[in-house]
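What follows is one structure encoded as structure tokens, with my remarks underneath.
The values are calculated or read from the model by the stated rules, or taken from the named source; none is laboratory data. A quick note: this is a predicted structure, and the numbers were derived from the prediction, not measured. For neighbour counting, all protein chains shown are included, and Cβ atoms are generated from backbone atoms with ideal geometry for every residue, glycine included. With ligands, DNA and RNA removed, areas are computed over all heavy atoms of the protein, side chains included. Shrake-Rupley method; radii C 1.70, N 1.55, O 1.52, S 1.80 Å.
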Amino acid sequence: MGSTIETLVRGVAAKGIEALADYNRWRLPPPTAANPFLTGIHTPMAEELTLTELAVTGRIPAGLDGRYLRIGPNPIDAKPAAYHWFIGDGMVHGVAIAGGKALWYRNRWIRSNAVAAALGVDPAPGPRHQFDTVNTNVVAIGGRTFALVEAGSYPVMLGETLDEQRYDPFGGSLQGSFTAHPHRDPRTGEQHAICYEGSDPGTIRHVVVDAAGEVVREEPIAVRHGPMIHDCAITDRFVIVLDLPVTFSMKTLIAGHGFPYRWNPTHQARVGLMPRHGRQDDIIWCPVAPGYAFHVVNAYDAEDGCVVLDLCVYDTMFGDSAQGPDARSRGLERWTIDPAGRTVDIRTVDAAPQEFPRPDERFFGQPYRYVWSMATPTEPCDRFVGATILYAHDLFTGERQVHDFGADRHPGEFVFVPDAPDSPEGHGWLIGFVVDMGDETTDLVILDARRFEQAPVASIRLPHRVPPGFHGNWIANGSVQ
């Protein structure tokens, strides 16, 4: 998330909210144990590496030509009592692959002002907006590679080797903040996003970036309480807005915690269907039972006029912990939204706790069949570390397959890469990091999506532990300039 206390205090104070006098009354109790997001598997890396001699087990598919890039928090100087996992300094990890070979691994901090000062180097050039910690996703937009975060910062454009970095609001066309989760419409090439800023709790924005990487729409939407909207979805007709009960908390901010969003039971959970070229008055708001979702899988328009939305859901979120996700997972759900009746029907697809769901994104916004996700612990999650399992869901048959990496081997998010641009849905590879806590190494693992439960087709060994992070993507050579 990357937002800073100083920025948010200034923004909120400018809107006339007076609360600093209540500091002692509102102050939250300090954590009673070491911060779990700074220890164990989450212990930050202390240096940047460039490795070119990478051991490979199996055979890397010849068609993979590009870079796997993933980003996550890696604080350079964290204060444990105030640290929340979502605010750590961003670090990008990348593996380049071509011709069946692993060419290099690199990890680089995003050169924010604070990181640059700590490293004694120049900060990344380019304009700042609100804050400059970027730590949540890496995507290709308009022929360039960008690191992303929500709630305030501009994107950071990344060079081929990750050393070249520049804060870039899409050539000056982006006026406000961006999101960590833009979604590309495969039919138009546009990227759709729902964006918010911590300093403006009354407004979110629907932002559209065209196929050339220029913002062509930045439509405001009025909201209450400053909801944290991490993800969105699209269909042929609508942009789907998830206005759920995690909202800005002045109490948490003034208490000295770095991440000022908490569960708010007074905030009405609702789903908005916004016509893709509509305005806020055109949104069809539908109340939904309380819950929270970080990530959608996909959505599409059903033949009966309803909208189908698949997502991973929690009972609550950020109700007890000021350090990271803390709620019980409800698993994978299907929400069927009726715009005529303004109702949302909820059906459990799979009750097993899981996160980081990914589809074959060539079918985003369209009817689809396959979902891949990461299993999470059965107890309320206080470390957000995967178990040792990935799931593959067939939504047509209801079948769930399991790939278990074995004891002490923890996968993160896996992304789907088709074996050819026009191959059928699900024909391709699944790629992601697996951390082995037995020897503190990491593998970039490549699975055959059609033989999901079989051994990996290839594993690229990294001789160190890559801390769990958030999101990444396969950036094919030729998809960026």
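Within the group V156, V121, which residue is hydrophobic (A, V, I, L, M, F, W, C) and crowded, with 21+ Cβ neighbours inside 10 Å? Outline the logic, then answer.
Details: V121 fails: crowded, with 21+ Cβ neighbours inside 10 Å.
It is V156.
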Which residues, counting only those in region 323-348, are in a strand (DSSP E or B), of a type outside the set (A, V, I, L, M) and under 19 Å from the mean Cα position of the chain (by Cα)?
S329, R330, G331, E333
Residue by residue through region 396-413, note down the ones that are under 23 Å from R334 (Cα atoms) and open to solvent by 40 Å² or more (accessible area, probe 1.4 Å).
F396, T397, G398, E399, R400, Q401, V402
Report, by residue number, each residue of region 33-54 that is of a type outside the set (S, T, N, Q) and touching a strand residue (DSSP E or B) at 6+ places or on another chain (Cβ under 9 Å).
F37, I41, H42, P44, M45, E47, E48, L49, L51, L54
Can you name the residue in region 185-226 that is open to solvent by 30 Å² or more (accessible area, probe 1.4 Å) and among the β-branched types (V, I, T) and is also nearest to the chain's Cα centre (by Cα) among such residues?
T203
Sole miss for A387 among (1) of a type in the set (A, V, I, L, M); (2) touching a Pro at 6+ places or on another chain (Cβ under 7 Å); (3) in a strand (DSSP E or B); (4) open to solvent by 20 Å² or more (accessible area, probe 1.4 Å) is condition (3)
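Conditions (1) in a strand (DSSP E or B); (2) open to solvent by less than 10 Å² (accessible area, probe 1.4 Å); (3) touching a helix residue (DSSP H, G or I) at 6+ places or on another chain (Cβ under 7 Å); (4) hydrophobic (A, V, I, L, M, F, W, C), marked per residue:
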site: T57; (1), (2), (3), (4): yes, no, no, no
site: I60; (1), (2), (3), (4): no, yes, no, yes
site: L64; (1), (2), (3), (4): no, yes, no, yes
site: K79; (1), (2), (3), (4): no, no, no, no
site: H93; (1), (2), (3), (4): yes, yes, no, no
site: L103; (1), (2), (3), (4): yes, no, no, yes
Looking only at region 349-369, decide whether some residue is among the small types (G, A, S), closer than 17 Å to H295 by Cβ, touching a residue at least 60 places away in the same chain (Cβ under 8 Å) and assigned to a strand (DSSP E or B).
no
Return the total of residues in region 447-473 being part of a strand (DSSP E or B), under 23 Å from H42 (Cα atoms) and not polar (S, T, N, Q).
4
Strands (runs of 3 or more DSSP E) contained in region 227-321 and holding at least 1 residues of a type in the set (S, T, N, Q) and buried (at least 23 other Cβ atoms within 10 Å of the Cβ):
296-301
Against the conditions (1) of a type in the set (G, A, S); (2) within 23 Å of the chain's Cα centre (by Cα); (3) more than 25 Å from N137 (Cβ to Cβ), where does S373 fall short? Just the number, please.
(3)
Mind checking which pairs have a first residue in region 250-267 that is free of Cβ contacts under 8 Å to residues at least 24 places away in the same chain and a second that is outside any helix (DSSP H, G or I) and not β-branched (V, I, T), Cβ under 6 Å, 6 or more apart or different chains?
none
Residue pairs within 6 Å by beta carbon, gap of at least six or interchain, first lying in region 149-170 and assigned to a strand (DSSP E or B), second among the β-branched types (V, I, T) and open to solvent by less than 10 Å² (accessible area, probe 1.4 Å), listed first then second, are V156/I110; V156/V134; L158/T145; Q165/V156; Y167/V156
If a residue must be more than 20 Å from A211 (Cβ to Cβ) and touching an Asp or Glu at 6+ places or on another chain (Cβ under 6 Å), how many such residues does region 152-174 contain?
2
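Being hydrophobic (A, V, I, L, M, F, W, C) and within 18 Å of the chain's Cα centre (by Cα) is the filter here, so list the residues in region 57-113 that pass it. Steps first, answer last, please.
Of the residues in region 57-113, the ones hydrophobic (A, V, I, L, M, F, W, C) are 60, 62, 64, 69, 71, 76, 78, 81-82, 85-87, 91-92, 95-98, 102-104, 109-110.
Scanning region 57-113 gives L69, I71, W85, F86, I87, M91, V92, W109, I110.
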